[in-house]
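Chemist: Below are the structure tokens for one structure; questions will follow.
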Amino acid sequence: MSQSKILLAEQEIPRQWYNIQADMTNLPPPPLHPGTKRPAAAEDFAPLFPPALIEQEMSTERWIDIPEEVLAIYRLWRPSPLFRAHRLEKALGTPARIYYKYEGVSPAGSHKPNTAVPQAYYNKQAGVKRLSTETGAGQWGSALSLACSFFGLECTVYMVKVSFQQKPYRRSLMETWGAEVIPSPSDRTEAGRKVLAKDPDSPGSLGIAISEAVEDAVLREDTRYSLGSVLNHVMLHQTIIGLEAKKQLALVDDYPDVVIGCCGGGSNFSGLAFPFLADKFAGRKVRAVAVEPAACPSLTKGTLAYDFGDTVGLTPLLMMYTLGHSFVPPTIHAGGLRYHGASPLVSQLYRDGLIEAAAYPQGDVFASAVLFARTEGILPAPESAHAIHGAIEEAKECAKTGEPRTILFCLSGHGHFDLASYDAYLSGKLENAYYAEEESKRALAELPEV
Ligand SMILES: *Cc1c(COP(=O)(O)O)cnc(C)c1O
């Protein structure tokens with residue numbers, strides 16, 4: 001009998017995160033101060049992050065201990081299950097073995113609490129009373145609200161106004177966990193007031209919301225800012241995913257030929273892939289593929305350059321594949337993948353040929369999501385469906401060649417709050433969307449000079 005769920009006992013949760021910076025031959029160039037354009041020093045980040053997170057951001061230690069208080073909360077849903085997709089394999093008629101690591105079992109429904117919990121913990125340790133952040137689709141805001149409620153921190157979430165109006169239940173979830181949710185642009189910040197003065201009906205954007213959350217944190221002594229992807233310490237916390245998956249595959253005596261994750265800022269992809277790349281650095285053969293939407297293809301179509309993390313230009317400059325910080329991607333349904341850049345670590349690995357990337361349009365991605373729901377049962381988040389589609393493409397290739405590859409992908413979250421996009425797909429209203437090259441060219445012309 002071949003197993004469907006491969007489970008680890010609670011005491012087998014990894015006790016350390018894996019820091020890929022210890023093993024990379026080429027590290028990404030350092031972040032730059034947005035004003036002086038000189039390498040940012042630790043104290044430049046002090047108004048935004050607590051010391052422990054700044055230290056992790058810059059650390060080259062290979063293993064970093066997970067605090068006991070964080071492990072105690074991880075144990076509420078971790079270790080997460082690894083599934084063998086027997087029914088999907090059969091439907092595809094593929095000789096490939098397909099496994100998926102399911103992160104939708106967290107209380108917030110995605111992988112994001114893996115970093116929200118340690119971020120809240122280190123802030124609490126440093127005496128911080130309140131965290132501010134932004135959220136687009138609502139997944140990151142939910143995860144941080146949850147983590148703050150566990151550690152008795154106040155949490156203020158600037159939520160992009162259109163999402164605030166379109167996704168009232170994400171807001172209810174955040175408020176249930178005790179967070180204050182503010183539609184952005186708001187009149188609470190200088191950045192918000194500026195936007196509203198120009199356009200009182202502005203629908204908002206992730207870039208504007210980041211500017212509001214950053215301003216909020218910088219102006220209040222008791223408040224720090226929290227980011228759900230892109231930065232090194234976020235990639236670090238997410239490696240719990242791949243570290244568990246390695247143990248689970250070992251239980252069934254298997255090892256992936258290819259590891260696949262969807263890529264917005266890069267955190268769930270990194271979380272699954274980095275522990276396997278550790279083996280690749282040691283000489284083992286394994287491929288890693290980051291899958292992005294054709295509407296926002298920062299790795300496959302972007303330029304490697306220093307760019308701002310937000311639209312307004314308040315954050316340090318990061319070296320990353322970017323479509324330009326003022327690039328406005330088409331409104332696709334996988335809101336979590338609508339980011340103009342990619343994590344500096346992911347960008348460096350891509351540049352060095354250590355990982356691959358692929359981009360697919362959302363119509364094809366939703367077709368794969370529905371096939372997955374009808375075979376494996378789980379309704380995937382539209383973001384996660386990009387990884388499913390990437391895995392299905394690999395498995396179809398195996399069906400042609402007869403090669404029995406082992407495929408592992410990250411199912412980063414469930415889609416229970418995304419049913420409006422399934423509605424659109426099922427009623428034939430969801431179309432393939434592609435990025436506009438001219439729009440990205442315009443945005444790239446606005447890259448900061450360094
Ligand atoms: C936020 C999110 C993503 C994209 O973010 P990454 O940092 O690239 O992982 C993917 N899947 C889900 C379910 C998300 O909530």
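Chemist: Are any residues in region 229-279 within 16 Å of the ligand (Cβ to nearest atom) and in a loop (DSSP other than H, G, I, E, B), and if so, which ones?
Modeler: S229, V230, L231, T239, C263, G264, G265, G266
Chemist: Is there a residue in region 417-430 that is out of contact with any Gly (no Cβ under 9 Å at 6 or more places or on another chain), among the acidic types (D, E) and free of Cβ contacts under 8 Å to residues at least 12 places away in the same chain?
Modeler: Yes - at least one qualifying residue is present in region 417-430.
Chemist: Further, regarding this structure: Here is a check on your reading of the model: is L219 among the aliphatic types (A, V, I, L, M) and away from the ligand (no atom under 16 Å from the Cβ)? Walk me through how you get there before you give the answer.
Modeler: Values: among the aliphatic types (A, V, I, L, M): yes; away from the ligand (no atom under 16 Å from the Cβ): yes.
Yes; evaluated as a whole, the condition is true for this residue.
Chemist: Take T300 and tell me if it is closer than 26 Å to Y99 by Cα and of a type in the set (V, I, T).
Modeler: Considered against the rule, which asks whether it is closer than 26 Å to Y99 by Cα and of a type in the set (V, I, T), T300 comes out as yes.
Residues checked against (1) within 16 Å of the ligand (Cβ to nearest atom); (2) in contact with a Pro (Cβ under 8 Å, 6 or more places away or on another chain):
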position	(1), (2)
H389	yes, no
E403	no, yes
S427	no, no
E431	no, no
A436	no, yes
R442	no, no
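Chemist: Here is a follow-up. When region 421-450 is examined, which residues are found to be among the small types (G, A, S) and surrounded by 11 or more Cβ atoms within 10 Å (Cβ to Cβ)?
Modeler: Initially, region 421-450 is screened for residues among the small types (G, A, S), giving 421, 424, 427-428, 433, 436, 440, 443, 445.
Result: S421, A424, A433, A436, S440, A443.
Chemist: Quick one: which of T94, T60 is touching a helix residue (DSSP H, G or I) at 6+ places or on another chain (Cβ under 6 Å), open to solvent by 60 Å² or more (accessible area, probe 1.4 Å), over 21 Å from L146 (Cα atoms) and of a type in the set (S, T, N, Q)? Spell out the reasoning first.
Modeler: Details: T94 fails: open to solvent by 60 Å² or more (accessible area, probe 1.4 Å).
T60 is the lone residue from the list that is touching a helix residue (DSSP H, G or I) at 6+ places or on another chain (Cβ under 6 Å), open to solvent by 60 Å² or more (accessible area, probe 1.4 Å), over 21 Å from L146 (Cα atoms) and of a type in the set (S, T, N, Q).
Chemist: Between P39, P30, which is under 27 Å from L314 (Cβ atoms) and more than 23 Å from the chain's Cα centre (by Cα)? Give the steps one after another, and end with the answer.
Modeler: Working: P30 fails: more than 23 Å from the chain's Cα centre (by Cα).
Being under 27 Å from L314 (Cβ atoms) and more than 23 Å from the chain's Cα centre (by Cα) holds for just one of P39, P30, which is P39.
Chemist: Sort out which residues of region 125-145 are in contact (Cβ under 8 Å) with a residue 60 or more places away in the chain and part of a helix (DSSP H, G or I), and write them in order of number. Outline the logic, then answer.
Modeler: Step one: filter region 125-145 for residues in contact (Cβ under 8 Å) with a residue 60 or more places away in the chain, giving 125-126, 128-140, 143-144.
The answer is Q125, Q139, W140, A143, L144.
Chemist: Do you know which residues across region 370-393 are in a helix (DSSP H, G or I) and surrounded by fewer than 24 Cβ atoms within 10 Å (Cβ to Cβ)? Walk me through how you get there before you give the answer.
Modeler: Pass one, region 370-393, residues in a helix (DSSP H, G or I): 370-376, 382-393.
Result: V370, L371, A373, R374, T375, E376, E393.
Chemist: Still on this structure, I have one more. Can you name every residue in region 146-163 that is buried (at least 24 other Cβ atoms within 10 Å of the Cβ), more than 14 Å from the ligand (Cβ to nearest atom) and assigned to a helix (DSSP H, G or I)?
Modeler: A147, C148
Chemist: Right, something else. Of all residues being touching a residue at least 40 places away in the same chain (Cβ under 8 Å) and in contact with a helix residue (DSSP H, G or I) (Cβ under 8 Å, 6 or more places away or on another chain) in region 168-197, which is most open to solvent (accessible area, probe 1.4 Å)? Just the residue, please. Give the steps one after another, and end with the answer.
Modeler: As a first pass, look at region 168-197 and keep what is touching a residue at least 40 places away in the same chain (Cβ under 8 Å): 169-170, 173, 181, 184, 191.
Pick out the ones that are also in contact with a helix residue (DSSP H, G or I) (Cβ under 8 Å, 6 or more places away or on another chain) and you get 170, 173, 181, 184, 191.
Numbers: R170: 10, L173: 36, V181: 17, S184: 0, A191: 19 Å².
Among them, the one singled out is L173.
Chemist: From A367, A358, which residue is modelled with pLDDT of 95 or more and open to solvent by less than 40 Å² (accessible area, probe 1.4 Å)?
Modeler: Working: A367 fails: open to solvent by less than 40 Å² (accessible area, probe 1.4 Å).
Within the list A367, A358, the selection yields A358.
The values are calculated or read from the model by the stated rules, or taken from the named source; none is laboratory data. In this text the structure is predicted, and so the values were computed from the model without any measurement. Cβ: placed from backbone, ideal geometry, glycine included. Neighbour counts: every protein chain shown. These area figures cover heavy atoms from the full protein model, side chains too; ligands, DNA and RNA do not enter into them. Shrake-Rupley method; radii C 1.70, N 1.55, O 1.52, S 1.80 Å.
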